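Colleague: Right, I'll just put the structure down here and ask away after.
Coordinate-derived values only; no laboratory data. Computed from a prediction, not measured in an experiment: that's the story for all the values here. Backbone-built Cβ (ideal geometry, glycine too); neighbour counts: all protein chains shown.
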Amino acid sequence: MQAPSLLVVETFVEHLRHDPNADGETPTHKGATIRSYVNSLRSVCRRYGVDEITGFKKSLKARVKNYENKDGNVSAEAFDMSDGLPKLWAACWSMTGWKYDKMLQTWTMFLIAMCLMARASCIAGAYSPKYEDLELPPEAQWDTDGYPKYITINLR
């Protein structure tokens, strides 16, 4: 399989940065978001036997890094388990209009998500799920807003 042309990928990146249909001079997407999209594209290329997007390491990587430097990077505050967990528990179990089954399901889903996201092995990346480990449901299982109702994550 032939690698995507650098011109096509650069056009894609430019469209992400400055959507011609959007109003104003403000970038449509920040550098970190563009990096995620390009990395997704690279992952798909690797999955189907394309070694590398032509010229990515030379010019495109510098362009995306420049966007990230211009935009800055503000990280979210770390989740404090001792402070946040009791508040989340109280909020979940005091929801008006929710039946017991709904509260139990919501709290269980939250705890499972916390276990998946807080695995120590995910920090090192050796066992962290990759794009290849995600499975999307059939189109009939997608909401009208264009998002799947669920995503299957295969753990390593």
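Colleague: When you scan segment 18-52, how many residues do you find that are surrounded by 11 or more Cβ atoms within 10 Å (Cβ to Cβ), in contact (Cβ under 8 Å) with a residue 40 or more places away in the chain and over 18 Å from Y67 (Cα atoms)?
Modeller: 6
Colleague: Tally the residues that are surrounded by 10 or more Cβ atoms within 10 Å (Cβ to Cβ) and either of a type in the set (G, A, S) or under 16 Å from Y48 (Cβ atoms) (or both), restricting the search to segment 134-145.
Modeller: Residues that pass the stated criteria total 1.
Colleague: For segment 61-109, enumerate the residues that are among the hydrophobic types (A, V, I, L, M, F, W, C), under 30 Å from V9 (Cα atoms) and surrounded by 11 or more Cβ atoms within 10 Å (Cβ to Cβ).
Modeller: V64
Colleague: Quick one: count up the residues across segment 64-92 that are of a type outside the set (K, R), closer than 30 Å to H18 by Cβ and in a helix (DSSP H, G or I).
Modeller: Of the residues in that region, 6 qualify.
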